[in-house]
Amino acid sequence: MLQTTVVVLASFAYLGLLFAIAFYGDKRAESGRSLIANPYIYSLSLAVYCTTWTFYGSVGRAASTGIGFLPIYLGPTLMVALWWFVMRKIIRISKANRITSIADFIASRYGKSQLLGGLVTIIAVIGVVPYIALQLKAVSSSFTLLVQYPSVVAEKASSVPVLGDTTLAIAIMLAAFTIFFGARQLDVTERHEGMVAAIAFESVVKLLAFIAVGIFVTYGLYDGFSDLFSHARQLPDFNALITLGSGMSYGAWASLTCLSMLSIMLLPRQFQIAVVENVNEAHLRKATWLFPLYLLAINVFVLPIAVGGMIHFPDGSVDADTFVLTLPMAHQQQALALFAFIGGLSAATGMVIVETIALSTMVCNDLVMPLLLRIRRLRLAEQNDLSFWLLSIRRAAIVFVMLLGYAYFRLAGEAYALVSIGLISFAAVAQFAPILLGGIFWKEGTRAGAIAGLLAGFLVWSYTLLLPSFAKSGWLAIGFLENGLWDIALLKPQELFGLTGLDEISHCMFWSMLFNVGLYIGISLVGRQSAAEHSQATLFVDVFKNTVDAPGSRFWRGSASLPELFALAQRFLGPSRAERAFAAYARKRGLKSHQELKPDAALVSQVEMLLAGAIGAASARVVVSSVVKEEPLDLQEVMSIVEESSQAIAYGRKLEQKSRELETATANLTAANERLKELDRLKDDFISTVTHELRTPLTSIRAFSEILRDNPALDIAERSRFLGIVVKESERLTRLINQVLDAAKIESGNAEWKSERVDLAELIEEAILATAQVFTDKNLRVSADLPASTPSITADRDRLMQVLLNLLSNAGKFCQPDTGVVEVSLKVELNTICVGVRDNGLGIAIEDQTVIFEKFRQGGDTLTDKPQGTGLGLSICRQILSHFEGKLWVESVPGHGAAFFFSLPLAAGEPGKSSPVGE
Amino acid sequence: MKPSVRGQRLIAAFLFGCLAFDYPILALFNHEGTVYGIPMLFVYIFGVWLLLIVVMAIIIEMPD
Amino acid sequence: MSKKVLIAEDEESILVSLEFLMRSDGYLVRAIRQGDQVLLSVGDFQPDLVLLDVMLPSCNGFDLCKQMRANTEWTGMKIIIISAKGRASEVQRGLDSGADAYVTKPFATSELRALVGQLIQ
């Protein structure tokens, strides 16, 4: 069954399946129904951590160091507990700043430093490419082994020509996959949903395959764990396998735990999956326990398979790294062996794909693009559409990384440098830890400190770990390892400065971290940050405070034109993507189209962020500065911004109090304003009514004047009738004007009030005399019922006369001629004096009894004849009386006449005092 | 549960894990004995590991 | 046959002047003083034109105008609103309610006569 063709077909069928899944994932993403937007896929995709180094290598390590393989998985489990603080922050920062790789992250934190971005990229490539080679090697050797079935001993492979090498074919397919699903188009978020879906699927396959082999060994070959371990007791060094101390020291155990804690975040592929491909920050929660659970599940059977293999192949002829394959093969389990091979293949391909995407993004954005942009001869910055360039570079970088891996695999072969690369790789990326973790929790870290620390750590790592591994592979003279550089014993790479007693990993970690952290902190504290560094540091460390703001906009001053910015975005994103991104941003701002956008600082940083997605933060900054006439902020200015805000907090309390006071004042003002508005409205109404009242007599006067002018032939009777109307209406107009002025005078408080002794009875008689003409004209009867003597009051005689005349003439007006009777009465009550004027006219409707005292309101429709009047009389009367602290009211039953009454206080009071202009 | 409380519990879980997986606590179980025929250290590490995962799951899944 | 004009005006002296003007131009005139008589009189008198004061007792001239316009039998009838209210918004309201013209008080008699003549001859 396990002929070459079958294995090859199975391999390619499996890769085909990956293509299908990734394709489906991308389709779903395009239609907006994301396949990967759930925490389970996220947790599974994180398991890209488990490579062939886990799948095959863990068993190998277990066979030599027993449980010493476990720290690699315990470290991540512990670290995940801290992700709530660390990873959540990294994700938040990355989303806010459109970070696309770990190099981008570090470069961005330290003032968008291209140098730092490039350095991180180089270290990552050097540290990680061999790791890719290791995966290819695992695929290659497992393939070779499998097709030799039933033999389980790998023959020393007769060298395969490059062209006939299945591994190359697989590498090429993986490159194609990576280009297709990782660099098909430029995406500002740099997320690849299809790829993530495929990776999650691979995680399931490798887990199932490994557990299947584990169950086969534990329960198929033996009768469970205890049976397996009791058989294992016959092994010569069994006790060393199940305890710590002989195979591995506690110190090495602890340092490996620490190392893997860092690696789970810092390996480019982990950063890619955990941060860049993260769909939703909330997915981190489930991953916090699901991912460790995955690690536990894939490790339960490692030791059983290892001891099973050691029992079964006691002579050591079979490499322990291959037990996962060779145990099923030795027991003729062909299907299981093929499944195990596919599991190993999935572990390898998953790692290779993600690592290649991550590295190629870094190489393109942080290494190649910045360099190309600097070469003026290429005039790249002036090109109209750079999206083609970017994609080409990205794709070329993928092929380059993949070929580099393959070449290293072909060259290194079985060399120590390749076999031990797992931990060496971990130690390389661990050099990012101080500047990354320091960068998100410590604001003072400077660019210079970061570069110095990283460079020192990298050099120490190279000297104490990388070069010795080359030496052990025979690529360098071994003498330098045994005697030290230039035969100086203190410079022995793995006993640096005479330090002995540590394993090589712990040794490297100690020295590299000492120099790395020491220089980073030391130089940061000695030097000063530039404004740009300071602003980025604040953005990163305070990300949870700032994420609602447009990042960076606070610290940008600059001027640019909208067409320039748009053209820039078009160059790097391509026209249609730029159009969409700008339109989306305009919509977010509540504008109809991007034409309405203002090229302000917020837009500049938005464009910078868009470009950061395509070409990395550092390059984006350079490119954007080329169109933005940026006025750089110096540190002093930034500090003053920061200080202003901290002062603002200090005065917050005072401010709050002030604002409360302000609120009260505002409320008062609003109320006052309302009152003013109301007064204004009343004034408007008043003017409108007055003009209306003026227009009415004026209309008659004008009409009749014109009639008289135009009709000279009118007979004398009609002529005098019309002239009479004109005169009457003129009088009405005069009266109206006087009364309006009078009312206005009283109302404004400018009226002059006299204060004198008034005998009301005498005044009433006078008033009746004055109005006698009206009553005799209509043949009305007037009677006055006045007591013999009345106490006098203090008031303005003329004003009171005005009131009496008004009431009497009103009464006269409303009485029927001939039968009308008007009665005037005067009564002295406890301390008031009360005057009544009663008529037997038609009376006043109930609903009109209050409105008649308002200006220009007349009791209307119950009267057949409209009364002659201005509508101001009663209103003025009431105001006069209230000035003397008196009252005016009416009592009437419609049809039975009306009685108007007013009352005034007796002389004891001093009415003058309430008057603003009293004597 | 307040986020800060959740964070503190996770830190406690982390510290517990560090303690349980390292010298000297680890040394207490570092001997050749067995539990139901399975090596002591193997049982101990996987047991604590599982416990840690359960604890983290409880902390993280506890409703706000 | 001479045209008929209905005058609705509560101000006696203005009513007299309007009545005189219309009569001397040879129209058949009926004068009313109350708002609630307007619709009855229109149905009864079948005028060719109504001179309508806005501020009539018991009725609002704008509403009356609308009601007259709502009756399809009277579509040929012209309506002139005469009002002392001269603000633009009020003029607009008058025209919106269906009046053919809006005249503010005080008016020039010659212009009013010309307008009436224009509308019904």
Selection within the range A:63-86 - crowded, with 22+ Cβ neighbours inside 10 Å and either facing chain B (nearest Cβ under 7 Å) or among the charged types (D, E, K, R) (or both): A:I67, A:L70, A:L74, A:T77, A:L78, A:A81, A:W84
The range B:31-49, residues that are farther than 16 Å from B:A20 by Cβ and either touching a residue at least 24 places away in the same chain (Cβ under 8 Å) or not small (G, A, S) (or both): B:H31, B:E32, B:T34, B:V35, B:Y36, B:I38, B:P39
The range C:1-34, subset polar (S, T, N, Q) and within 11 Å of chain A (Cβ to nearest Cβ), residue surrounded by the most Cβ atoms within 10 Å (Cβ to Cβ): C:S17
Long-range neighbours under 6 Å by Cβ, at least six apart or interchain, first residue away from chain B (no Cβ under 12 Å) within the range A:278-295, second surrounded by fewer than 17 Cβ atoms within 10 Å (Cβ to Cβ) and not in a helix (DSSP H, G or I): A:V279/A:A37
Cross-chain or 6+ apart pairs with Cβ under 8 Å, the range A:562-591 first and free of Cβ contacts under 8 Å to residues at least 60 places away in the same chain, then of a type in the set (V, I, T) and part of a helix (DSSP H, G or I): A:L568/A:V607; A:L568/A:V623; A:L568/A:V624; A:L568/A:V627; A:A569/A:V607
Every residue from the range A:785-803 that is in a strand (DSSP E or B) and either open to solvent by 50 Å² or more (accessible area, probe 1.4 Å) or of a type in the set (K, R) (or both): A:D785
Any pair with Cβ under 8 angstrom, 6 or more apart, that starts in the range C:65-86 at a residue that is part of a helix (DSSP H, G or I) and ends at one that is surrounded by 20 or more Cβ atoms within 10 Å (Cβ to Cβ) and of a type outside the set (A, V, I, L, M, F, W, C): C:C65/C:G94; C:C65/C:S97; C:K66/C:S97; C:R69/C:S97
Verdict on A:L266 being more than 10 Å from every other protein chain (Cβ to nearest Cβ) and not aromatic (F, W, Y): yes
Positions within the range C:65-98 being open to solvent by 10 Å² or more (accessible area, probe 1.4 Å), more than 14 Å from chain A (Cβ to nearest Cβ) and either in contact with a Cys (Cβ under 7 Å, 6 or more places away or on another chain) or acidic (D, E) (or both), in sequence order: C:E73, C:D96, C:G98
Among the candidates A:L259, A:L221, A:L207, A:L241, residue that is within 11 Å of chain B (Cβ to nearest Cβ), out of contact with any Lys or Arg (no Cβ under 8 Å at 6 or more places or on another chain) and either closer than 30 Å to A:E30 by Cβ or surrounded by 15 or more Cβ atoms within 10 Å (Cβ to Cβ) (or both): A:L241
Total residues in the range A:747-762, condition open to solvent by less than 90 Å² (accessible area, probe 1.4 Å) and modelled with pLDDT under 80: 3
Any hit, the range B:25-47, residues being farther than 27 Å from A:G251 by Cα, assigned to a helix (DSSP H, G or I) and open to solvent by 30 Å² or more (accessible area, probe 1.4 Å): no
Test: A:M329 is surrounded by 24 or more Cβ atoms within 10 Å (Cβ to Cβ), in a helix (DSSP H, G or I) and outside the structural domain of A:A200 (by TED's automatic domain parsing): no
Filter pass, A:A96 being of a type in the set (A, V, I, L, M) and within 14 Å of chain B (Cβ to nearest Cβ): no
Residues of the range A:215-240 satisfying the condition of being closer than 14 Å to A:M310 by Cα, at pLDDT 80 or above and in a helix (DSSP H, G or I): A:V217, A:T218, A:L221, A:L228, A:F229, A:S230, A:H231, A:A232
Matching residues in the range A:696-709 - criterion: being more than 7 Å from every other protein chain (Cβ to nearest Cβ) and open to solvent by less than 60 Å² (accessible area, probe 1.4 Å): A:P697, A:I701, A:S705, A:L708
Selection within the range B:1-46 - more than 9 Å from every other protein chain (Cβ to nearest Cβ), more than 23 Å from B:I59 (Cβ to Cβ) and not aliphatic (A, V, I, L, M): B:F29, B:G33
Meets criteria (at pLDDT below 85, more than 16 Å from A:F902 (Cβ to Cβ) and either in the same structural domain as A:A703 (by TED's automatic domain parsing) or of a type in the set (D, E, K, R) (or both)) for A:E766: no
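The values are calculated or read from the model by the stated rules, or taken from the named source; none is laboratory data. Just so it is clear, the model here is predicted, and its values are computed rather than measured. So basically every Cβ, Gly included, is an ideal-geometry build from the backbone, and we count neighbours across all protein chains shown. Note: areas computed on protein heavy atoms with side chains; ligands, DNA, RNA excluded. Shrake-Rupley method; radii C 1.70, N 1.55, O 1.52, S 1.80 Å.
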